[in-house]
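Engineer: Can you keep this structure in mind? I'll have questions shortly.
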Amino acid sequence: QVQLVESGGGLVQAGGSLRVSCEASGRALSMYAMGWFRQPPGKEREFVAAISRSGGSTSYADSVKGRFTISRDNAKNTVYLQMNSLSTEDTAVYYCAADFTLLGAVKISRDEYNYWGRGTQVTVSS
């Protein structure tokens, strides 16, 4: 069992940077593969980035690859998403997700995660 709380969202100008965080309580975060998803206005929730339990493996959506970086600090029970070179297309509610796993795999499908945070709004202005 784990509870996830996102933070760090806000308003940023295009070209700027922002880092959102996801803090976990309950079971240690190290037991979970973690992911970031986002839901733009009027669209379905989509995959952004994922990271394995140890942080040794990552995966990114093509739309954010090279601009976003997912990382985790299991000692702090926190996963991060560093977002650079933001554009208006990045505007969305950003959610972190967790799934208990005994393996060091990354997961990119919404259906692979069964724990979700409430989300944090990221708005990029032009």
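The values are calculated or read from the model by the stated rules, or taken from the named source; none is laboratory data. Keep in mind that this is a model prediction, so the values were computed, not measured. Every residue, glycine as well, gets a Cβ built from its backbone with ideal geometry; the counts of neighbours run over all protein chains shown. Areas reflect the complete protein model, heavy atoms only, side chains present, ligands, DNA and RNA absent. Shrake-Rupley method; radii C 1.70, N 1.55, O 1.52, S 1.80 Å.
Engineer: For the range 36-122, what's the relative contact order in percent, using C-alpha pairs closer than 8 Å and at least 6 residues apart? Mind showing how you got there, number by number?
Structural biologist: Numbers: 147 pairs, mean separation 28.2, N = 87.
Relative contact order comes out at 32 percent.
Engineer: Determine ³J(HN,Hα), in whole Hz, for all residues of the range 58-70 in sequence, where each value follows from phi through the Karplus function 6.51 cos²θ - 1.76 cosθ + 1.60 and θ = phi - 60°; x replaces Gly and Pro.
Structural biologist: 9, 8, 9, 5, 4, 5, 10, 4, x, 10, 9, 9, 9
Engineer: Further question on the same structure: Counting only heavy atoms of protein chains, what accessible area per residue, in Å², does the chain have with a probe of 1.4 Å?
Structural biologist: Accessible area per residue, the chain: 50 Å².
Engineer: Taking all protein chains in place and a 1.4 Å probe, what share, in percent, of the accessible surface of the chain do carbon and sulfur account for?
Structural biologist: So the carbon and sulfur contribution to the accessible surface is 46 percent.
Engineer: OK, next. Listed highest first by mean packing, meaning other Cβ atoms within 10 Å per residue, what order do 73-85, 114-126 come in? List each step's numbers first, then the result.
Structural biologist: Values: 73-85: 17.6, 114-126: 16.0.
Output ranking for 73-85, 114-126: 73-85, 114-126.
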